[in-house]
Amino acid sequence: MSSSKISIMVVSGSLERLQMAAMVASIGAVSGDEVTVFLSMNALSYFIKGKSAKAPAEGEFGRTMEGKNVPPFKELFQKSTEYGDAKIYPCSMAMDVLSAKSEDLEPYLAEPIGLTKFLTNAEGGQILTF
């Protein structure tokens, strides 16, 4: 796999979409790609420290996945920052809506940015939305 730039916008709060976004981020990061993840809308609340609610499954696959030995999406996102060149940014607007501060978020997240900055940084690479 050749090195490239992958930008992932995660707005869904469903288990399957969060899981796929995390898998793409982790595989891209360990493969040497420059990976940027933008967490917004329904996805961001799962990255608030102490959040214990599980992401709901959209369908049968998600329900089946819960009973298997699949690494949780939050773990995969964290590993992508530890083992590769992944940066995970919370959306500044979504943080305002949720009344969340940077210190309320998981420690492996980068400083918040806005959508304009994310899209500017994504220029010239792949943009995936989940």
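Every read-out reported here was derived from the displayed coordinates using simple, explicitly stated rules and does not represent laboratory data. The model shown is predicted, which means the values in this text are computed figures rather than measured ones. Backbone-built Cβ (ideal geometry, glycine too); neighbour counts: all protein chains shown.
Computing Kirkwood radius over Cα pairs in Å directly from the structure and comparing it against [x] 21.5; [y] 14.7; [z] 15.3 singles out [y]. Annotation: amide H-H contacts under 5 Å for Phe38 (H modelled 1.01 Å from N, sequence separation of 5 or more, or interchain): Ile8, Met9, Val10, Tyr89. Close amide H pairs (under 5 Å, H built 1.01 Å from N) link Gly114 with Ser92, residues at least 5 positions away or on another chain. Summarising the amide proton neighbourhood of Gly84: residues at separation of 5 or more, or on other chains, whose placed amide H is nearer than 5 Å comprise an empty set. Couplings for segment 79-94, taken from phi via the Karplus curve 6.51 cos²θ - 1.76 cosθ + 1.60 with θ = phi - 60°, read 4, 5, 7, 7, 9, x, 9, 9, 10, 10, 10, x, 6, 5, 5, 5 Hz in order; Gly and Pro are left as x. Stretched out straight at 0.36 nm per residue, the stretch from Ser4 to Ile48 would grow longer than its current Cα-Cα span by 12.9 nm. Summed over qualifying helices (DSSP H, 4 residues or more, each -39500 (n - 2.57)) and divided by its residue number, the chain shows a 222 nm mean residue ellipticity of -11500 deg cm²/dmol.
Taking the empirical scaling 2.2 N^0.38 Å for compact globular proteins as reference, segment 45-84 has a Cα radius of gyration ratio of 1.32.
Summarising the label geometry, the points placed 7 Å from Cα in the beta-carbon direction at Met41 and Ala57 lie 2.4 nm from one another.
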